[in-house]
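Laboratory data are not the source of any read-out in this text; all were calculated from the coordinates shown. All values derive from a computational prediction rather than experimental measurement. All Cβ positions, even for glycine, are placed from backbone atoms using ideal geometry, and neighbour counts span all protein chains on display.
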Amino acid sequence: MVRLIQAFDQLKATHRIEHQLVLVGQKGWQFEPIFATIAASPWQKHIRHLNYLSDAEVAYCYAHADVFAYPSLYEGFGLPVLEAMTLGCPVVASKTSSLPEVAGKAALMIDPTSVDELAMALWQIISDLTHRQFLIQQGYQQAAQFSWAHTAHATLAAYRSLL
């Protein structure tokens, strides 16, 4: 999260973007550096932290965001990436863990330790409306591959192949 705030600061300084950075979620493990980075940001008034949100409020955030950034260092599955895609939000995600498989070619994949790479990917989506729209369409298609119906059919096929 610290690198996301640093990338946001970089975009504000370099491209003078009008965007706000909205961070959603309860304070978790090692949250202190995140809030220290926000406090040190020259654009701290443009950074919002929203604590717990209902599912409907999270869906609203995805549906109204210009981009969803998920620079996770380790991820078990990556459900937030699929949630964003399902709701028409283009995604920037880490090219680590399970995220490349989950996102497929429907997201811009970045090294989560590189502030510059994260900033460039965010800029690419917010500055190129054609590419942004392409990622949204790809996201809908990618998320559809992870439906419960698709999972049930694949599981049934696996069981049948064992018989």
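Numbers below:
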read-out	value
Label-to-label distance, nm, for residues given as TYR74 and GLU57 (7 Å Cα→Cβ offset)	3.0 nm
Calculated FRET value between LYS27 and GLN137, using beta carbons and R₀ = 41 Å, to 0.05	0.70
Computed E for GLN20/SER98 - FRET, C-beta separation, R0 30 angstrom, nearest 0.05	0.55
Compactness index (Cα Rg / 2.2 N^0.38 Å), the stretch 2-162	1.10
Protection proxy ranking, peptides 134-140, 52-58, average beta carbon neighbours within 10 Å, highest first	134-140, 52-58
Sorted by Cβ neighbour density within 10 Å, fewest at the top, the residues CYS89, CYS61	CYS61, CYS89
